[in-house]
1. Could you figure out which of (1) within 14 Å of chain A (Cβ to nearest Cβ); (2) assigned to a helix (DSSP H, G or I) isn't true of residue B:118?
2. Pull up region B:190-203, narrow it to residues that are assigned to a loop (DSSP other than H, G, I, E, B) and over 21 Å from residue B:121 (Cβ atoms), then point me to the one that is modelled with the highest pLDDT.
3. If you scan region A:283-312, which residues turn out to be surrounded by fewer than 21 Cβ atoms within 10 Å (Cβ to Cβ) and more than 24 Å from residue A:66 (Cα to Cα)?
4. Working only within region A:116-132, note down all residues that are surrounded by fewer than 24 Cβ atoms within 10 Å (Cβ to Cβ), in contact (Cβ under 8 Å) with a residue 40 or more places away in the chain and touching a strand residue (DSSP E or B) at 6+ places or on another chain (Cβ under 7 Å).
5. So residue B:187 ticks every box in (1) under 22 Å from residue B:106 (Cα atoms); (2) surrounded by fewer than 18 Cβ atoms within 10 Å (Cβ to Cβ); (3) more than 16 Å from the chain's Cα centre (by Cα); (4) at pLDDT 65 or above but one. Which box is left unticked?
6. Does residue A:187 satisfy the condition of being buried (at least 22 other Cβ atoms within 10 Å of the Cβ), free of Cβ contacts under 8 Å to residues at least 40 places away in the same chain and closer than 22 Å to residue A:242 by Cα?
7. In region B:18-29, which residues are surrounded by 22 or more Cβ atoms within 10 Å (Cβ to Cβ), within 10 Å of another protein chain (Cβ to nearest Cβ) and more than 18 Å from residue B:225 (Cβ to Cβ)?
8. Name the residues in region A:169-184 that are under 28 Å from residue A:118 (Cα atoms) and free of Cβ contacts under 8 Å to residues at least 12 places away in the same chain, would you?
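The values are calculated or read from the model by the stated rules, or taken from the named source; none is laboratory data. No experiment lies behind these values; they were computed from the predicted model shown. Methodologically, a virtual Cβ is constructed for each residue, glycine included, from the backbone with ideal geometry; neighbour enumeration extends over all protein chains shown.
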């Protein structure tokens with residue numbers, strides 16, 4: 001079905017980019033879980049997570065507590081790194097080059113330049129090609145995804161609306177990306193390079209990357225779901241819509257009755273992601289999952305309360 | 001017409017599509033170079049994703065791709081696939097190739113595993129060291145001289161180095177001299193052959209500072225630390241598929257030069 005992902009040149013040495021994008025390719029079909037302590041990281045690892053995202057507060061608590069959300073304390077990240085053998089990711093604020101430098105020096109495996117944290121730069125995202133460490137970035141549409149890839153991101157995720165447990169924004173974002181990829185394919189087929197150049201202007205992205213996307217029929221890097229995944233069915237939905245894997249933020253630990261309940265939720269979402277078309281497996285996973293986080297409906301959020309609008 | 005040779009890629013998680021794409025490319029190389037004396041002696045391939053025991057049962061050979069070996073082991077256990085996989089590798093002796101996480105799965109022992117250890121399929125009498133080079137910051141691409149690719153080219157000029165992609169890669173830290181306690185099943189087992197070594201100093205290769213063991217074969221089981229599926233270089237897939245063809249024709253694996 002999908003073609004091999006061999007992003008051409010995005011301003012980095014090819015071998016470097018192969019290594020950066022390659023780790024994301026190895027995470028496909030898996031679940032990356034937000035964790036705030038070493039104990040939570042161990043629960044995630046035992047449940048079969050392919051990686052953990054170390055952060056100080058899960059997005060639903062960031063939302064509730066307000067204030068400025070920043071990179072996590074390196075001490076906490078080190079504890080998580082020591083506790084598990086799977087890859088450890090961590091979040092940096094949009095445009096915060098120094099937080100990225102610190103995370104790189106800590107030896108985390110991936111940096112998420114994330115709208116879940118309070119942006120540090122209102123003009124520029126981080127120049128990600130300058131780093132050896134690979135980056136994942138959020139997107140709401142194809143233009144945004146390709147702008148991040150042009151800057152050096154080796155993995156993309158939907159933005160969704162983090163910390164809500166409401167999947168509607170993530171669905172909107174993957175559907176938008178898919179529809180715009182279909183437009184790019186049609187443009188290439190009917191109008192060739194000129195039509196691609198016109199569409200690239202409209203989407204605000206690099207024409208060469210847009211052409212590559214049209215040829216591949218998909219994003220040229222791995223694309224995960226994120227932002228509002230709360231249940232096994234949500235995870236399977238995003239996989240059926242074409243995502244390569246799933247980030248689960250608040251959905252594992254928020255409102256979990258006990259650590260064992262969180263572990264069951266984690267196992268259930270791993271199972272649903274690996275078997276996203278198997279209805280029997282989805283029934284079993286949904287039963288195992290139990291009650292989900294209560295969540296906040298996106299329809300009730302004011303625009304200034306939404307995180308997805310951060311970045312461009 | 002003969003039944004196609006079915007090659008599966010274990011699709012629990014990881015670099016599945018990448019292997020399938022390179023297998024398809026490799027198949028065209030194998031089919032165009034294979035002597036095919038008559039139509040009814042011809043060969044054909046089918047490539048499938050394997051998530052269930054019935055799908056595994058259709059396979060003549062299997063690739064376990066790169067990914068996270070802890071995740072694969074946990075998911076395989078929960079889907080009831082670990083024992084069918086062990087049977088496929090160690091009882092039916094069908095050709096199996098593991099890359100990176102797949103190499104970990106195919107080892108009899110692994111170190112630097114998660115707390116409490118991890119389950120393995122086994123088949124290679126080796127102990128692998130997970131994350132040998134550290135975190136993603138220590139992942140790299142390196143040119144490897146792989147002698148077996150030269151053999152496969154039947155005396156042509158020396159093969160170019162293979163651009164090997166190592167991502168949080170494991171290596172073979174020790175060949176277990178006698179992996180089995182009882183003399184029964186293990187008797188007559190093929191020896192572990194070292195087919196690829198990376199680097200020089202402080203490595204695991206033979207314990208003599210000769211670099212790290214990054215490609216091994218023992219009978220029907222082949223493992224690489226690195227990811228040929230992340231490149232466009234089809235040579236290792238072609239080399240392995242030719243062995244799969246031999247195994248399917250003879251009902252067992254016939255080793256090069258054996």
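1. If we test residue B:118 against (1) within 14 Å of chain A (Cβ to nearest Cβ); (2) assigned to a helix (DSSP H, G or I), just (2) comes out false.
2. Taking region B:190-203 first, the residues assigned to a loop (DSSP other than H, G, I, E, B) are B:190-192, B:199-203.
Cutting the leftovers down to over 21 Å from residue B:121 (Cβ atoms) gives us B:199-203.
Details: B:199: 87, B:200: 64, B:201: 57, B:202: 55, B:203: 57.
Checking each candidate, the answer is B:199.
3. A:283, A:284, A:286, A:287, A:288, A:290, A:291
4. A:118, A:119, A:125
5. (4)
6. So residue A:187 passes the test.
7. B:20
8. none
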